[in-house]
Amino acid sequence: MKKLGKAVLFCLILTLLLALFNKILMPDTQFRADTKELGSEVDYIFLGTSNVFYCVNPVIIWNEKGYTGYDLSLEQAPLIVSFYQLKEELKKVRTKTVFLDCAAFEYNYGIPSMNQLALDKMPFSRDKLKLIHELGEDDADHHVAAEQTYNKISYLIPLYSFHERWKEIFEGTLKSRYHGKYEHTFAGYVANKDHYVFKKDYRWLPTMEEFGGVYETTITPVNREWFEKIRNLCEAKGVELVLIKTPSKGWLVEMSNSLKAFAKEEGVEYLEMNDENVITALSLDEQNDFCDTSSHFNIYGTEKISRYLAAYMEKKASYTDQRIQGTGINAYWNQLYETYLDYKNSDTE
Amino acid sequence: MGLVSVWFLIFMAAVTLVYYLVPQKGQWIVLLLASLSFYGLCAKGFLVCLLLFAVIVYLFAKRFETDKKPLLVLLEIILLIALVIVLKYAGWFGSGLEGALGWLGSFHAAKYIVPLGISYIMLMGLGYSLDVYRGTIHAEGNFLKVLGFLVFFPALTQGPINRFADLVPQMEQGNRFRYETLVFGVQRMLWGFFKKLVIAGRLGLVMTELTGGWKGSAYSGIYVFLAVIVCSFYLFMDFSGCMDIVIGAAEILGIKLPENFDHPYLAENMPQFWRKWHITLGAWLRDYVLYSFTMSGAAKKMNRSLREKIGRRGASSVISIIGVLFVWLVFGLWHGIAANFLIAAAYYALTIIVGILIEAPVKKFHARFPRLNGSIGFQIFRVVRTFVLSIQGAYLMLIPNVKSGFAYLLSFFTHPTAQLVIKTEGELAGGIRILGLDPYDFVVLILSFVFWVVVSLLHRKKDVRLRLSGMHIVPRWVILFAVVIATVLFGLYGGGDLASFIYQGF
């Protein structure tokens, strides 16, 4: 028994040591929204891809209308990940609306390294195991050489993927994997001041023929299945689900029509921000508001889109201006807004 | 599920738990089921082939109890080799084979070009049959025990090549749980993981850098010699690391497997090297190929005839040389039908044949200088000479293409200038590279290699695990924690082929 006790103690200490290294070497994912500070009740949650975290700033929405919420999106996050993110989130937070980014319909299983970020934020639970199981290892999206280090084991034990970061202890870059572009974040929004100048006047919502190339415009069975689950989850929790497509130069009219029809079929509200009337209202500047060639915006473009969204939310009867109510979260949001302004007015890129 | 995977550790833990919960008499059944499950998880498409293999071995061995016709032995050898060739070289026969073997179930030639461990199973099966044929052991009446012997899961993928008389009695007898056995087994596995993941992984990267993947290298001159050394150590760390994992896993279950390596780099001549490197293969070739030839009627007849012409010693040398050629031909073919394996085998054969041919003059030389033989200087010379001879064979075993492999070797002479110690152009891509490694990895490689040398030398005098168990708990645990943490943090794993073994392909 004495030997058994020693063995147990040895394993326990070893587990603690490994857990410690796991904690030290795991990337800092704090650019995600800090839900502890935001409280247990918010007006909205955004889910989806980088299309969202590069163009919706909750701080601006707060400043405009006093609505609270945050962004849980990840690069190329598939609906399967969004479903489990939402399920986990709704265990601790109540929300009125969930905005689901339509760009997510372009992916089935996403990027493993980004899925890993979502999983790292999830506490160990049955749902986490289910997501790991669902993501599998042989899905078509996983066949990316650089992504081979991610598999079920690494989803469960991040150290499996991140153990090589021991070198960063000496390089001084260990604290955050997401310095640079991901350094300035506000409730999930990733702020940046990069500029991309469009050389010619691209048309919004072009046809596939105009855009060139062949793209999938139908809803895949995988995405249909996981969308149903998200919708059912929202229904069960009494949350309104809104499909949203943020402004994007790569969003085709065929894709838009397909999603519009799908939303109608599913009885879900659809906000197409690439429609001419919305684009006109946004008055986006193609010389100043984009940060890359894709669907990503810098702080200036994001402010315009966020103000539009704040106005859109205002039309929903269930939203109330938290600033008027003067609840305890005011200080948090005001501080966040001040920080944002400091960043905006600073020379920091 | 490979040996270097978390899944294997989980599998091993589950098997160990069930194994010790079952009464000793039934433990061999647990091992059989575990082995079949392991095989099924790794290569389920070949389970039927495996059973066919075992049936052939079982039936022939039963027959050999009463029928000692040499033709039967030949028939079994032909059958087993034919089966191995069909399975191992399925890819060569093209997709037509898939249709032909469709009745075997989920057989897909393209997916399973090399059936798991099939070459090892063949040698073990043949060895068992030949032992029965020679009357060394009796044929096993229980087919499941023969199957259990052939597929014993820790040794399934890369050996060691077990003997029926050694392994099956241990399996039948079963074992009571012993804490020390468990601890020693786990420690042995840990050492294997360290060698494979921390050292072999980095040596593999250095090898690729130095040789340019044998597709044109920027390194020449003395770096070619360094590359040959690195190839040899890479092969050693990879293979012996695997053996540590295999032997440790078996030890956890209370089963002692034969060692496959015994400080080969300290061998003083090539025959001794082959008694220290891939020991079980060398022993198998000696017992079942060399002895089969030298003890055969044909060899005895030849010996008599040669004695009259070239004398006793000369006849003996000729017979030995022919035996050596047989052994190395089998060695080369066993590794695969590839030019580099045959050339490596020819090279090894040459080193041994030259040894046989110069045996007499060397004896005369030592008789003239008796003090030299016992001197440390001469001993070091012999070790270094054997090292230089052996590493070139390892290099030949690893080259994927003979032409480019030899072209690279020739650059040692054609471009003797040494260059590129530190590849500064790598700075553009994110830092200085030393022999293909960043400075951190380079330091880890050097330190871990030194650690391996120290442990190996200590182990030569006394089992390091015994030394550890004799230490106070604090330093012992600190050392063990350090090795585990070092393996976890510094190990090159997580994807790609880094965690697969070279000898898994045979």
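With the condition kept exactly as written, say whether any residue in the stretch B:28-48 is of a type in the set (Phe, Trp, Tyr), closer than 30 Å to residue B:199 by Cα and more than 14 Å from chain A (Cβ to nearest Cβ). Yes, the stretch B:28-48 has at least one match. Against the test of being free of Cβ contacts under 8 Å to residues at least 24 places away in the same chain, out of contact with any Gly (no Cβ under 6 Å at 6 or more places or on another chain) and hydroxyl-bearing (Ser, Thr, Tyr), the options B:265, B:291 yield a single qualifying residue, B:291.
Residue A:252 meets the conditions (1) under 23 Å from residue A:306 (Cβ atoms); (2) of a type outside the set (Val, Ile, Thr); (3) in contact with a helix residue (DSSP H, G or I) (Cβ under 7 Å, 6 or more places away or on another chain) in every case but one. The failed one is (1).
Evaluated against (1) modelled with pLDDT under 85; (2) in a helix (DSSP H, G or I); (3) on the phi < 0 side of the Ramachandran plot, residue B:311 falls short on exactly one condition, (3).
So for the stretch B:284-293 (the condition being in contact with a helix residue (DSSP H, G or I) (Cβ under 7 Å, 6 or more places away or on another chain) and among the small types (Gly, Ala, Ser)), does at least one residue qualify?
Of the stretch B:284-293, the ones in contact with a helix residue (DSSP H, G or I) (Cβ under 7 Å, 6 or more places away or on another chain) are B:284-285, B:288-290, B:293.
With among the small types (Gly, Ala, Ser) added as a condition, the list becomes none.
No, there is no match, as no residue in the stretch B:284-293 is in contact with a helix residue (DSSP H, G or I) (Cβ under 7 Å, 6 or more places away or on another chain) and among the small types (Gly, Ala, Ser).
Given the options B:329, B:342, B:372, name the one that is without any contact (Cβ under 8 Å) to a residue 40 or more places away in the chain and surrounded by 17 or more Cβ atoms within 10 Å (Cβ to Cβ). Checking each option against the conditions leaves just B:342. Looking only at the stretch A:74-122, count every residue that is of a type in the set (S, T, N, Q) and in contact with a strand residue (DSSP E or B) (Cβ under 8 Å, 6 or more places away or on another chain) and tell me the total. The qualifying residues number 4.
In the stretch B:472-481, the qualifying residues are those that are more than 10 Å from chain A (Cβ to nearest Cβ) and exposed (fewer than 13 other Cβ atoms within 10 Å of the Cβ), and the one that is farthest from residue A:164 (Cα to Cα) is B:472. Residue-level check: of (1) at pLDDT below 85; (2) within 14 Å of another protein chain (Cβ to nearest Cβ), residue A:115 misses just (2).
Considering the stretch A:147-173, the residues that are part of a loop (DSSP other than H, G, I, E, B) and at the interface with chain B (Cβ under 9 Å from one of its Cβ atoms) include one that is modelled with the highest pLDDT, namely A:157. Somewhere in the stretch A:2-9, is a residue out of contact with any Gly (no Cβ under 8 Å at 6 or more places or on another chain), within 13 Å of chain B (Cβ to nearest Cβ) and at pLDDT 90 or above? Scanning the stretch A:2-9, I find at least one residue that is out of contact with any Gly (no Cβ under 8 Å at 6 or more places or on another chain), within 13 Å of chain B (Cβ to nearest Cβ) and at pLDDT 90 or above, so the answer is yes. Checked across the stretch A:24-38, the condition of being under 24 Å from residue A:296 (Cβ atoms), part of a strand (DSSP E or B) and more than 14 Å from every other protein chain (Cβ to nearest Cβ) holds for no residue. Residue A:132 fulfils the conditions (1) over 19 Å from residue A:186 (Cα atoms); (2) touching a residue at least 60 places away in the same chain (Cβ under 8 Å) except for a single criterion, (2). Among the criteria (1) within 14 Å of chain B (Cβ to nearest Cβ); (2) touching a helix residue (DSSP H, G or I) at 6+ places or on another chain (Cβ under 7 Å); (3) at pLDDT below 80, the one residue A:138 does not fulfil is (2). Out of the residues in the stretch A:79-94 that are in contact (Cβ under 8 Å) with a residue 60 or more places away in the chain and surrounded by 22 or more Cβ atoms within 10 Å (Cβ to Cβ), state the one that is farthest from residue A:219 (Cα to Cα). Selected residue: A:86. Evaluate the stretch B:258-276: report whether one residue or more is polar (S, T, N, Q) and either part of a helix (DSSP H, G or I) or not assigned by TED's automatic domain parsing to the domain that holds residue B:321 (or both). Yes, the stretch B:258-276 contains a residue that is polar (S, T, N, Q) and either part of a helix (DSSP H, G or I) or not assigned by TED's automatic domain parsing to the domain that holds residue B:321 (or both). Restricting B:185, B:141 to those that are of a type in the set (Gly, Ala, Ser), part of a loop (DSSP other than H, G, I, E, B) and either over 18 Å from the mean Cα position of the chain (by Cα) or within 14 Å of another protein chain (Cβ to nearest Cβ) (or both) reduces the list to B:141. Residue count for the stretch B:434-471, restricted to those that are within 13 Å of chain A (Cβ to nearest Cβ), out of contact with any strand residue (DSSP E or B) (no Cβ under 7 Å at 6 or more places or on another chain) and among the hydrophobic types (A, V, I, L, M, F, W, C): 4.
Every condition in (1) within 29 Å of residue A:335 (Cβ to Cβ); (2) crowded, with 20+ Cβ neighbours inside 10 Å is met by residue A:76 except one, and the failing one is (1).
Would you pick out the residues in the stretch B:212-241 that are among the aromatic types (Phe, Trp, Tyr) and farther than 15 Å from residue B:415 by Cα? Talk me through it step by step, then tell me what you get.
So the first thing to find is which residues in the stretch B:212-241 are among the aromatic types (Phe, Trp, Tyr), and the list is B:214, B:219, B:223, B:225, B:233-234, B:236, B:239.
Answer for the stretch B:212-241, where residues must be among the aromatic types (Phe, Trp, Tyr) and farther than 15 Å from residue B:415 by Cα: B:214, B:233, B:234, B:236, B:239.
Restricting the stretch B:5-18 to residues that are under 13 Å from residue B:154 (Cβ atoms) and within 12 Å of chain A (Cβ to nearest Cβ), the residue that is surrounded by the most Cβ atoms within 10 Å (Cβ to Cβ) is B:8.
For the stretch B:345-434, the helices (runs of 4 or more DSSP H) that sit wholly inside it and include 3 or more residues that are modelled with pLDDT of 90 or more and not β-branched (Val, Ile, Thr) are B:376-398.
The values are calculated or read from the model by the stated rules, or taken from the named source; none is laboratory data. This one's a predicted model, so the numbers in the text were calculated from it and none came from an experiment. Methodologically, a virtual Cβ is constructed for each residue, glycine included, from the backbone with ideal geometry; neighbour enumeration extends over all protein chains shown.
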